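The block underneath contains the structure these notes are about, expressed in structure tokens.
The values are calculated or read from the model by the stated rules, or taken from the named source; none is laboratory data. This one's a predicted model, so the numbers in the text were calculated from it and none came from an experiment. Using ideal geometry, Cβ is built from the backbone for each residue, glycine included, and neighbour counts are taken over all protein chains shown.
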Amino acid sequence: MRNYLDPQPNTLFQRRWSFLGHTNVVRAISWSPDGNQLASAGKDGTIRLWDAREGTTLGMLGRFSAWNTSIAWHPTLPLIASGSSDKRIMLWDLESKQLSRTLIGHLGRITALCWGGDQHTLISGSADKSIRCWDISEGATTMQLKGHTAPVTDMAHHPKRPLLATSSEDMTIRFWDLAEGTLLETRRDHDWYASCVAWNSDGVALASGSLDETIRIWNSTDFSCAGVLGHHPDWVRCLSWHPSRPLLLCGCKDGKVWLWDVRNMRVGCTIDAHATSVVDVAWNPDGRRFASASEDLAIHVWDVMVSS
């Protein structure tokens, strides 16, 4: 019998902005490196930009018949990558606001994107069960990783090493050596789909979430499980580590966002963030606010009210 977590009062966060404009589910969000703008990808086929300082829209980059599944703002270049249900990855030039390149190679919808260890490498996961590394300057696949037996759901590149963590509907978390292109470790500790992964800022720990309603913390040296956080009352859909502190955000299917103090393995607060499933959460680079996106079509930006 599961012992479910009791929600804790939200004394830490206050909603600052609500961004409304998507006409179908918001699938993913990504902050600009300076934290002043937010990009969102929607099932309505649009990529939208938002001004997080003024709480206003900055317009759309494009509208397509296929729905967008993922988005990743480049850490140094004026560039956004987006993935779609029609198997394409699109690179958007933010200076011209134009589509600059399309990457084609996956045989299934794109499910996850992240930037690699240098400014020219993009990594993608797909429903075709594979992971690809791309040279964006050439528009070509440089490496393909296979091993998952079901769609890839998420991925995270280590902040300091050529190490990639991936999650999948096959219930596994896998660790890949990108220098050698090899699988280092497969962990099968989750009891249902593994939905998301995220490294903390120094790369010492990886967090993984699952539809089994738990979060697991993994050691980056031997890939052992260092702890289990949960059970949450509903599926864990998304995760985001604070940029400098041992604080972890967790978005769930019931619309709640949980803040975990991972060092002390305790819940800091629970936010009634959305009317339905939270599909993405992301700390701002300065750590003083975060954004959440949901199937209720809304994106909210939350300010930290007190030191957490």
Flagged in the range 134-157 as more than 13 Å from S195 (Cβ to Cβ) and surrounded by fewer than 19 Cβ atoms within 10 Å (Cβ to Cβ), in numbering order, are D135, S137, E138, G139, A140, T141, T142, M143, Q144, K146, G147, T149
All-but-one check, G117 against (1) small (G, A, S); (2) surrounded by fewer than 20 Cβ atoms within 10 Å (Cβ to Cβ); (3) in contact (Cβ under 8 Å) with a residue 40 or more places away in the chain; (4) not in a loop (DSSP other than H, G, I, E, B), failing number (4)
Enumerate the strands (runs of 3 or more DSSP E) found wholly within the range 193-268, keeping only those where 1 or more residues are farther than 20 Å from N3 by Cβ and of a type in the set (V, I, T).
194-199, 256-261
Identify the residue in the range 273-308 that is closer than 16 Å to K256 by Cβ and acidic (D, E) and, among all such residues, is farthest from the chain's Cα centre (by Cα).
D296
What about A275, is it in contact with a Gly (Cβ under 8 Å, 6 or more places away or on another chain), without any contact (Cβ under 8 Å) to a residue 40 or more places away in the chain and among the small types (G, A, S)?
yes
Can S137 be described as in a loop (DSSP other than H, G, I, E, B) and not aliphatic (A, V, I, L, M)?
yes
Of the residues that make up the range 51-61, is at least one among the basic types (K, R) and surrounded by 15 or more Cβ atoms within 10 Å (Cβ to Cβ)?
no
Collect the residues in the range 200-217 that are surrounded by fewer than 24 Cβ atoms within 10 Å (Cβ to Cβ) and either in contact with a strand residue (DSSP E or B) (Cβ under 9 Å, 6 or more places away or on another chain) or at pLDDT below 95 (or both), keeping them in residue-number order.
N200, S201, G203, V204, A205, L211, D212, E213, T214, R216, I217
For the range 233-241, check the following and say yes or no: at least one residue is hydroxyl-bearing (S, T, Y), modelled with pLDDT of 95 or more and within 14 Å of the chain's Cα centre (by Cα).
yes
